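Peer 1: This is the structure I want to talk about, given as structure tokens.
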Amino acid sequence: MAGRVAGKVAFITGAARSQGRSHALRLAQEGADIIAVDVCAPIGSIGMYPPATDEDLAETVRQVEALDRRIVATKADVRDSAAMKAAVDDGVAQLGRLDIVLGNAGVFEIQPALELTDEAWREMIDINLTGVWNTCKVALPHLIEGGRGGSIVLTSSTAGLKGTPNTIHYTAAKHGVVGVMRTLANEFAQHSIRVNSVHPTGVDTVMIQNEKTWGLFAPDDPAPSREKAAPVFQATNALPVPWVEPVDISNAILFLVSDEARYITGVTLPVDAGYTVT
Amino acid sequence: MTGLLEGKVAFITGAARGQGRSHAVRMAEEGADVIAVDLCAQIGTVPYGMATPEDLAETVRQVEALDRRIVASTVDVRDSAGLQSALDDGVAQLGGLDVVSANAGVFSTARFEDLTDDQWDDMIGVNLTGVFRTARAAVPHLKANPDGGAMVLTSSTAGVKGIPNAAHYVAAKHGVVGLMKTLANELAPHRIRVNSLHPTTVDTDMIQNPAMYGLFRPDLGTSATREDAEAGFRTTNKLDVPWVESIDISNALVWLCSDLARYVTGVQLPVDAGNLVK
Ligand SMILES: NC(=O)c1ccc[n+]([C@@H]2O[C@H](COP(=O)([O-])OP(=O)(O)OC[C@H]3O[C@@H](n4cnc5c(N)ncnc54)[C@H](O)[C@@H]3O)[C@@H](O)[C@H]2O)c1
Ligand SMILES: NC(=O)c1ccc[n+]([C@@H]2O[C@H](COP(=O)([O-])OP(=O)(O)OC[C@H]3O[C@@H](n4cnc5c(N)ncnc54)[C@H](O)[C@@H]3O)[C@@H](O)[C@H]2O)c1
């Protein structure tokens, strides 16, 4: 059977590891070639989990190529619109077209609102909000020029729909992503470009699987752990699961970018085990 | 390749024609057996011809042509006892229940002050109470399923926003969202997921009829044709289409019911060509 995105090209940010890598593999399994970018470097104000590395991005390349799909990977920061433009222009030149855009790159940090530094606020907004817009801005001309429409999916969060304490910069940025999505859905529908957002609950990646995040739910525990955090995470969801897997987000994105969702646009799609309905 | 619903049993109301038939056929293509019910008769306050016994027989033929089994009954979703026995009979024959599509519905229009008690009662009876009765009949079977299950309630864009001249429909379709959200919470511990679909106009007899055409072309009244009304329908959407096809709703339904959406619950999913984001 032909893949559900056979012959298409997808531009994915934050593709070195975790969800971004999972999206690249899932779309490649379904026949797409990939333009991947990732910063592969530490971010000053993000200290609670390790950054992705050059080796991570190289591993994504290896795994996509093992599926017999092509991938053009570039080390670039979503905050640097010139570098982003160069990365997508180069990818389209090599792969011949652009159909799908996934604004997935992002960072997370926990900090009580009044302890947040100006620098930490700015970095979060720059990456998780402006970086998403930069991604769309450099990709949209290719989608329009292709004349075949296209599909953009922006990764927000349940924190893009609901307020969550100790993450004011993250929550503000992820709400902002919904504004970007809704505006673009309206402004580019005339080009048959669909724009939607996905809203994961906790996903089993280093972004939440780290001591500081585990400890947030058990402030007095000197040795917080994944096992001890699991029931507390689970209590935030309606379904009896503590978190979801990257592939669950990939499966939602695959549906949204496929022709099966050809008339779905402007939608905020939670993949959240019922987090927002509780 | 195995289907997304291989070996599952689906209960579909309003399955004689339109979206319901499309759901039955699409789910059968993905490997499901079907329990189908439809009224197959006219309701007095409905201004277009409703399904016939021949329509339901045609759904049976099409599902069987795919080598899937189908148990079809003529039942009114307002009739608890009839619904329960049709479902119980289907479950006994097909060996269980995994997914439910509460799709049966009617449409009529009237200025608010002209709405009759009969119009109101028929609408709430079918489009809201009928969904309640469908879900209530199904829940014991889903709870008995160790794998849990998925229920999808067909609402409408009119279940999210108001539209003029259909207060009874808008109220019923909003009510369906309340049911969905409550059931998502109440059934999550049993791994039963509950979501709603919100189509924009779908190309079925419900809207392809002179009463609807006249709404969009008051200048022509009930002599207006599909062609006369098309431009009016188109203005309600953001993507450049007057309506979507039944298959588009079926594709979203299949995704929601499949393991690809195993952690999606409590979600209102528009399939609306951007109607709501406009
Ligand atoms: N993990 C969760 O619980 C969760 C929940 C909801 C939403 N999300 C969102 O999902 C997305 C993916 O996160 P993840 O869980 O895979 O975490 P992750 O940290 O493993 O992956 C994020 C990737 O983005 C890259 N990145 C970060 N800043 C960048 C920048 N400035 N330029 C380019 N690349 C950059 C990182 O290097 C990393 O490879 C993020 O947008 C995140 O906010 C995550
Ligand atoms: N067509 C649209 O534009 C549109 C838009 C949004 C939502 N919807 C919803 O989609 C669903 C399917 O509608 P459709 O477009 O396929 O229209 P349709 O009229 O072709 O199909 C509806 C089916 O439901 C059956 N039905 C009606 N009342 C029943 C009852 N009391 N008991 C059992 N069966 C009954 C009808 O006989 C018919 O076969 C409805 O819930 C409708 O409100 C339709």
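Peer 1: Yes or no: region A:177-196 includes at least one residue that is β-branched (Val, Ile, Thr), assigned by TED's automatic domain parsing to the domain that holds A:Gln29 and not in a helix (DSSP H, G or I).
Peer 2: The answer is yes, given that some residue of region A:177-196 is β-branched (Val, Ile, Thr), assigned by TED's automatic domain parsing to the domain that holds A:Gln29 and not in a helix (DSSP H, G or I).
Peer 1: For region B:267-276, what are the residues that are touching a Lys or Arg at 6+ places or on another chain (Cβ under 8 Å) and open to solvent by 10 Å² or more (accessible area, probe 1.4 Å)?
Peer 2: Residues satisfying the conditions are B:Asn275, B:Leu276.
Peer 1: Can you list residue pairs whose Cβ atoms sit under 8 Å apart, with the first residue in region B:187-209 being over 14 Å from B:Gly20 (Cβ atoms) and within 8 Å of ligand 2 (Cβ to nearest atom) and the second being of a type in the set (A, V, I, L, M) and at pLDDT below 95? Count only pairs 6 or more apart in sequence or on different chains.
Peer 2: none
Peer 1: Counting only residues that are part of a helix (DSSP H, G or I) and basic (Lys, Arg), how many does region A:6-55 have? Steps first, answer last, please.
Peer 2: Restricting attention to region A:6-55, the residues satisfying the condition of being part of a helix (DSSP H, G or I) are A:18-29, A:54-55.
Those still in the list that are basic (Lys, Arg) too: A:21, A:26.
Residues that pass the stated criteria total 2.
Peer 1: For region B:157-174, how many residues meet the condition of being surrounded by fewer than 17 Cβ atoms within 10 Å (Cβ to Cβ) and either within 14 Å of chain A (Cβ to nearest Cβ) or more than 11 Å from ligand 2 (Cβ to nearest atom) (or both)?
Peer 2: 4
Peer 1: Within region B:157-172, is there a residue that is in the same structural domain as B:Leu256 (by TED's automatic domain parsing), among the aromatic types (Phe, Trp, Tyr) and under 17 Å from B:Ile207 (Cβ atoms)?
Peer 2: yes
Peer 1: Conditions first: (1) closer than 22 Å to A:Gly163 by Cβ; (2) within 14 Å of another protein chain (Cβ to nearest Cβ). A:Ala261 passes all but one, so which condition is the exception?
Peer 2: Looking at each condition in turn, A:Ala261 falls short on (1).
Peer 1: Could you tell me whether A:Ala83 is open to solvent by less than 50 Å² (accessible area, probe 1.4 Å), under 29 Å from A:Thr167 (Cα atoms) and at pLDDT 95 or above?
Peer 2: Answer is yes for this residue.
Peer 1: Among the helices (runs of 4 or more DSSP H) confined wholly to region B:182-260, which include 2 or more residues that are at the interface with chain A (Cβ under 9 Å from one of its Cβ atoms) and open to solvent by less than 20 Å² (accessible area, probe 1.4 Å)?
Peer 2: Fully inside region B:182-260 and qualifying: B:246-257.
Condition check ((1) charged (D, E, K, R); (2) in contact (Cβ under 8 Å) with a residue 12 or more places away in the chain; (3) at positive phi) across all residues:
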residue: B:Ala172; (1), (2), (3): no, yes, no
residue: B:Met180; (1), (2), (3): no, yes, no
residue: B:Ala211; (1), (2), (3): no, yes, no
residue: B:Asp219; (1), (2), (3): yes, no, no
residue: B:Ala224; (1), (2), (3): no, yes, no
residue: B:Ile247; (1), (2), (3): no, yes, no
residue: B:Asp272; (1), (2), (3): yes, yes, no
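Peer 1: Of the residues A:Glu59, A:Glu30, which is more than 16 Å from ligand 2 (Cβ to nearest atom), surrounded by fewer than 24 Cβ atoms within 10 Å (Cβ to Cβ) and within 30 Å of A:Arg226 (Cα to Cα)?
Peer 2: A:Glu59
Peer 1: Among A:Asp68, A:Asp54, which is more than 10 Å from ligand 1 (Cβ to nearest atom), away from chain B (no Cβ under 14 Å) and on the phi > 0 side of the Ramachandran plot?
Peer 2: After ruling out the rest, the residue left standing is A:Asp68.
Peer 1: Could you tell me which numbered condition A:Tyr49 fails, if it satisfies all but one of (1) open to solvent by 30 Å² or more (accessible area, probe 1.4 Å); (2) under 19 Å from the mean Cα position of the chain (by Cα); (3) of a type outside the set (D, E, K, R)?
Peer 2: (1)
Peer 1: OK, next. Out of the residues in region B:58-88 that are open to solvent by 60 Å² or more (accessible area, probe 1.4 Å) and aliphatic (A, V, I, L, M), which is farthest from ligand 1 (Cβ to nearest atom)?
Peer 2: Looking at residues that are open to solvent by 60 Å² or more (accessible area, probe 1.4 Å) and aliphatic (A, V, I, L, M), I get B:Ala81.
The values are calculated or read from the model by the stated rules, or taken from the named source; none is laboratory data. Everything quoted here is computed from the prediction, not taken from an experiment. Note that each Cβ is placed from the backbone with ideal geometry, even for glycine, and that neighbours are counted across all protein chains shown. Surface accessibility is based on the protein's heavy atoms, side chains included, excluding ligands, DNA and RNA. Shrake-Rupley method; radii C 1.70, N 1.55, O 1.52, S 1.80 Å.
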